Ligand SMILES: [Zn+2]
Ligand SMILES: [Zn+2]
């Protein structure tokens, strides 16, 4: 599963910044506007595909574990597919803008829509560990521009209509032949009069002042899958800010703030629970209940259990994101020593002390227990 890393020429543990840098460098080399070689386009699509997965922590984590299959599998919900040229160009434009001094040959329509795309809106959802265990629906409220209902997003005063731009005749772009160090090409740039929209508003809507959108508070219900971590975020396409004058809406990015659970320590999909037991419980064996995210569970502690023994409850940890399996609940046994004894207890311990014999000079299992505890 190193194909995407190899395509970008980065290490498996490369930071997001490194990935971005590596992609940008390669994209500048293989961008079809710059590189006329017939194989450049295919290469540009490949590296963009790799970049689009590795730049997204959630997709990257899935890819690291399960490869492309994990991203495209039914129900995975990542919608992975091979990008076509226009998508690849859009992705490049989205993250790096136009190449300075360079208008794209494929530009026209794409720039028109991109310039009018609404902004992405970021919201944070607070989650309890319990929500991670089961998955949860959360309602988020946020402020973001919404389409103006009065002018239906056109920006034109009701009763009037936006007029076709006379500079560009409605195409939104002006073309001219240009020369560059890469040779002669046709340059396409957004029309300066209508900013690429193809129409101009002569009489602006009073409510939105010609913007086609107004400030609004919105409520969206977000379905958060089980097994998420703080590194994940969800992208709700088209749920962000409305674009001006019916431009495409931005995305809603839902960040996750997961509260720690004082009962458990999270280690990826596994949970660790520290279980204190008394001398007599570990010496005689006992049945005790431990909490799991799915309710309490009874476990048997064998007679003669040593401190720091690990009891692993399979599939009682957190769900693995996008998979039908769970991590484990790791129960760590600790032996509790009473801090003060009453007279009766002290008498019994004295009795016991006479009978219990000498402890070994050195705990033979200590090092192997330690290694087990450290997960080695
Ligand atoms: Zn309006
Ligand atoms: Zn125009």
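The values are calculated or read from the model by the stated rules, or taken from the named source; none is laboratory data. Here the structure is a predicted model, which means the values were calculated and not measured. Using ideal geometry, Cβ is built from the backbone for each residue, glycine included, and neighbour counts are taken over all protein chains shown.
Residue by residue, here is whether (1) at pLDDT 95 or above; (2) crowded, with 16+ Cβ neighbours inside 10 Å holds:
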position	(1), (2)
253	no, yes
260	no, no
270	yes, yes
298	yes, no
315	yes, no
318	yes, yes
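Do any strands (runs of 3 or more DSSP E) entirely within region 117-209 hold 3 or more residues that are out of contact with any helix residue (DSSP H, G or I) (no Cβ under 7 Å at 6 or more places or on another chain) and without any contact (Cβ under 8 Å) to a residue 60 or more places away in the chain, and if so, which? I'd like the intermediate steps shown before the answer.
Values: elements: 121-127, 136-143, 173-180, 183-190.
Strands (runs of 3 or more DSSP E) meeting the threshold: 173-180.
For residues that are modelled with pLDDT of 85 or more, over 26 Å from residue 319 (Cα atoms) and buried (at least 16 other Cβ atoms within 10 Å of the Cβ), tally how many sit in region 32-65.
Residues in region 32-65 being modelled with pLDDT of 85 or more, over 26 Å from residue 319 (Cα atoms) and buried (at least 16 other Cβ atoms within 10 Å of the Cβ): 11 in total.
Tally the residues that are over 22 Å from residue 259 (Cβ atoms) and more than 16 Å from ligand 2 (Cβ to nearest atom), restricting the search to region 188-232.
16
Out of the residues in region 237-248 meeting the condition of being crowded, with 18+ Cβ neighbours inside 10 Å and closer than 21 Å to residue 58 by Cβ, tell me which one is nearest to ligand 2 (Cβ to nearest atom).
Checked region 237-248; the qualifying residue nearest to ligand 2 (Cβ to nearest atom) is 240.
The rows are residues; the columns are (1) modelled with pLDDT of 95 or more; (2) loosely packed, with under 10 Cβ neighbours inside 10 Å.
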{"site": "309", "(1), (2)": "no, no"}
{"site": "333", "(1), (2)": "yes, no"}
{"site": "340", "(1), (2)": "no, yes"}
{"site": "344", "(1), (2)": "yes, yes"}
{"site": "351", "(1), (2)": "no, no"}
{"site": "358", "(1), (2)": "no, yes"}
{"site": "362", "(1), (2)": "no, yes"}
{"site": "368", "(1), (2)": "no, no"}
{"site": "373", "(1), (2)": "no, no"}
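Which residue is modelled with the lowest pLDDT, if the candidates are limited to region 196-217 and must be buried (at least 17 other Cβ atoms within 10 Å of the Cβ) and away from ligand 1 (no atom under 16 Å from the Cβ)?
196
Give just the number: which of (1) more than 16 Å from ligand 2 (Cβ to nearest atom); (2) over 27 Å from residue 252 (Cα atoms) does residue 175 not satisfy?
(1)
Tally up the residues in region 118-168 that are out of contact with any strand residue (DSSP E or B) (no Cβ under 7 Å at 6 or more places or on another chain), farther than 28 Å from residue 221 by Cβ and surrounded by fewer than 17 Cβ atoms within 10 Å (Cβ to Cβ), please.
Final tally of qualifying residues: 6.
Across region 75-95, which residue is nearest to residue 32 (Cα to Cα) among those that are crowded, with 16+ Cβ neighbours inside 10 Å and modelled with pLDDT under 75?
Ranking the qualifying residues of region 75-95, first place goes to 80.
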